[in-house]
Amino acid sequence: MRVIEAFVATLDIQQLGFTKAIPKITGRKPYDPADLLKLYLYGYQNRITSSRKLERECHRNLEVMWLLRRLVPDFKTIADFRRDNGSAIHQAGRDFVQFCRLIGAVSGDLVAIDGSKFQAAASKDQAFTRDQLRKEQDRVSRRISRYMEELDRADAQEDEAEAEGIPAYDPKAIEEALEQLRKRSKRLDQASEVMAQEDKRQHCLTEPDARLMRSGRGGVILGYNLQSAVDVESGVIVHHALTTEAADNRQLLPMATAAQGLLERKELQVVADAGYSNGEQLAKCDDKGIAAVVPANRAVNNQGDGQFYPKSVFQYDAEADQFICPAGKNLPYKTRNTKCKKHLYSRDGCSQCPLQSKCTQVDRRWVSRHFHEDAFERAENRLAAQPDLMTVRMAAVERPFAILKRHMGLKRMQCRGLHSAKSEISLGVLSYNLARMTNRYGVNALLRELK
């Protein structure tokens, strides 16, 4: 609590861009954004993320009373602060990482990168793929037709039912149900138009930014992909990004370069799992002085059930740009596959080779080489030289995700939309980093550094 107070006191709230940091001359003076930031940081560290619950804490929690000097903002003011200050909160988190770097707590010698899926506030039932949307439109259309038939039947039987004393259909109830179905049909039509215009494969009616994603043991969820870069030595999250991309294979370069810039290092070593295997990004990391340790995620050729030679037995001659087969024959460069980003090598006359039965069933054996095979090899060589790095990576980068989801209760977002979800995650990451440094150095030592 005292660390939160001391850290927020070091921030330049106006320069960071917090709304209402400069109050207007006229009207009632707003709550200081610094006070609301302290309230949220305290709340996230104590698993209190709801704006209504935070308002209640202001009335009864002595620690919160001390932290806010007995101020009691209402829940809407608290919620609006989180919604409207995402970029400023993110920058405050970057300032704390810089503080950790300047006092020597964050070395940046090794950075671990990983991603984890966080559920969106909206229900998964409101998200549709193209096929699911068409089926839902057909289902709603059939129900509308059925209700229309019931409404006509109710009109025809109304007089007869009154004469014989038989309970008839309730036209008012049918009209209400029909109106709800028409509204549903209209929303589905609008979603279909959006998917067609934006060439989207899926759409959520209540939170368009969210995406259906596979989440390991969690199955398919509606949510976002949180990318984090963690300093292995200190356990501090030096950079994070919330994305709508389900896969990690395009996140290595942006995460690594952002961490490199924040840590102000000309050379940086990063480690990530095979989900980040991307030859083009590995090559660009090498150009920027980033040594990436990433296992190659290569496709496996199962043709022949193991009876044919794998590509690994073909020796590549870089000078001649050709492969040499087990029989000693040259396979020169033939063409390229731009879609798969591979160079293709082959030769004729395999049918006359005594090793054909172990190599191919046709007259020509093809061997491929990725456009950025050199980058893959450099990454694999780094891993071979330091095989324990993958265990180190898992221990460093999985722990913050567990704390964010389990301890802070951020497994599912409370705010709707990517912009608001980013603000919520930034608060969680800053709260985690503050708690991490407090546990590592102690309150008194950290307070001395902050002063």
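The values are calculated or read from the model by the stated rules, or taken from the named source; none is laboratory data. Worth saying up front: this structure is predicted, and the values here are computed from it rather than measured. Neighbour counts run over all protein chains shown; Cβ positions are idealised from the backbone, glycine included.
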All positions within the range 81-102 that are within 21 Å of the chain's Cα centre (by Cα) and hydrophobic (A, V, I, L, M, F, W, C)
Ala88, Ile89, Ala92, Val97
Tell me yes or no: at least one residue of the range 387-400 is touching a residue at least 60 places away in the same chain (Cβ under 8 Å), in the same structural domain as Gln269 (by TED's automatic domain parsing) and either polar (S, T, N, Q) or not in a helix (DSSP H, G or I) (or both).
no
Report, ordered by the first and then the second residue, all pairs with beta carbons closer than 7 Å, sequence separation of six or more or different chains, a first member in the range 77-94 that is without any contact (Cβ under 8 Å) to a residue 60 or more places away in the chain, and a second member that is acidic (Asp, Glu).
Ile78/Glu55
Has the range 349-359 got any residue that is in contact with a Leu (Cβ under 8 Å, 6 or more places away or on another chain) and part of a loop (DSSP other than H, G, I, E, B)?
no
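Kindly provide the set of residues from the range 171-188 that are touching a residue at least 12 places away in the same chain (Cβ under 8 Å) and over 27 Å from Gln119 (Cα atoms), ordered by number. Before the answer, list the steps.
Restricting attention to the range 171-188, the residues satisfying the condition of being touching a residue at least 12 places away in the same chain (Cβ under 8 Å) are 171, 174-175, 177-178, 181-182, 184-185, 187-188.
Pro171, Ile174, Glu175, Ala177, Leu178, Leu181, Arg182 - these are the residues of the range 171-188 that are touching a residue at least 12 places away in the same chain (Cβ under 8 Å) and over 27 Å from Gln119 (Cα atoms).
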Cβ-Cβ under 8 Å pairs, at least 6 apart or on other chains, the range 1-30 side within 22 Å of Ile103 (Cβ to Cβ), far side surrounded by fewer than 14 Cβ atoms within 10 Å (Cβ to Cβ)
Met1/Glu63; Met1/Trp66; Arg2/Val443; Val3/Val443; Ala6/Lys451
Here are some residues: Ala21, Ala105. Which one is over 29 Å from the mean Cα position of the chain (by Cα), part of a loop (DSSP other than H, G, I, E, B) and among the aliphatic types (A, V, I, L, M)?
Ala21
From the list Ala79, Ala120, exactly one residue is in contact with a Lys or Arg (Cβ under 8 Å, 6 or more places away or on another chain) and either surrounded by fewer than 19 Cβ atoms within 10 Å (Cβ to Cβ) or aliphatic (A, V, I, L, M) (or both). Which is it?
Ala120
Somewhere in the range 154-161, is a residue at pLDDT 80 or above and farther than 20 Å from Arg416 by Cα?
no
Scan the range 24-67 for residues that are loosely packed, with under 15 Cβ neighbours inside 10 Å, assigned to a loop (DSSP other than H, G, I, E, B) and over 33 Å from the mean Cα position of the chain (by Cα) and jot them down.
Lys24, Ile25, Thr26, Gly27, Arg28, Lys29
Only one of these conditions is not met by Asn225: (1) under 12 Å from the mean Cα position of the chain (by Cα); (2) at pLDDT below 95. Which number is it?
(2)
Pairs please, first residue from the range 47-66 and on the phi > 0 side of the Ramachandran plot, second anywhere and outside any loop (DSSP other than H, G, I, E, B), Cβ atoms under 8 Å, 6+ apart in sequence or on different chains.
Arg47/His407
Do we have any residue at all in the range 316-325 that's loosely packed, with under 14 Cβ neighbours inside 10 Å, free of Cβ contacts under 8 Å to residues at least 12 places away in the same chain and under 30 Å from Asn439 (Cβ atoms)?
no
State all residues of the range 189-207 that are outside any strand (DSSP E or B) and touching a residue at least 60 places away in the same chain (Cβ under 8 Å); if no residue qualifies, say none.
Ala191, Met195, Arg201, Leu205, Thr206, Glu207
Scope the range 131-150; condition under 18 Å from Ile221 (Cα atoms) and surrounded by 14 or more Cβ atoms within 10 Å (Cβ to Cβ); matching residues:
Leu133
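Rundown of residues vs (1) surrounded by fewer than 20 Cβ atoms within 10 Å (Cβ to Cβ); (2) among the hydroxyl-bearing types (Ser, Thr, Tyr); (3) within 30 Å of Val362 (Cβ to Cβ); (4) in contact with a helix residue (DSSP H, G or I) (Cβ under 6 Å, 6 or more places away or on another chain), yes/no style:
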| site | (1), (2), (3), (4) |
| --- | --- |
| Asn225 | no, no, no, no |
| Ala274 | yes, no, no, no |
| Glu280 | yes, no, no, no |
| Val294 | no, no, no, yes |
Among the listed residues Tyr441, Tyr432, identify the single one that is under 23 Å from Ile103 (Cα atoms) and surrounded by 21 or more Cβ atoms within 10 Å (Cβ to Cβ).
Tyr432
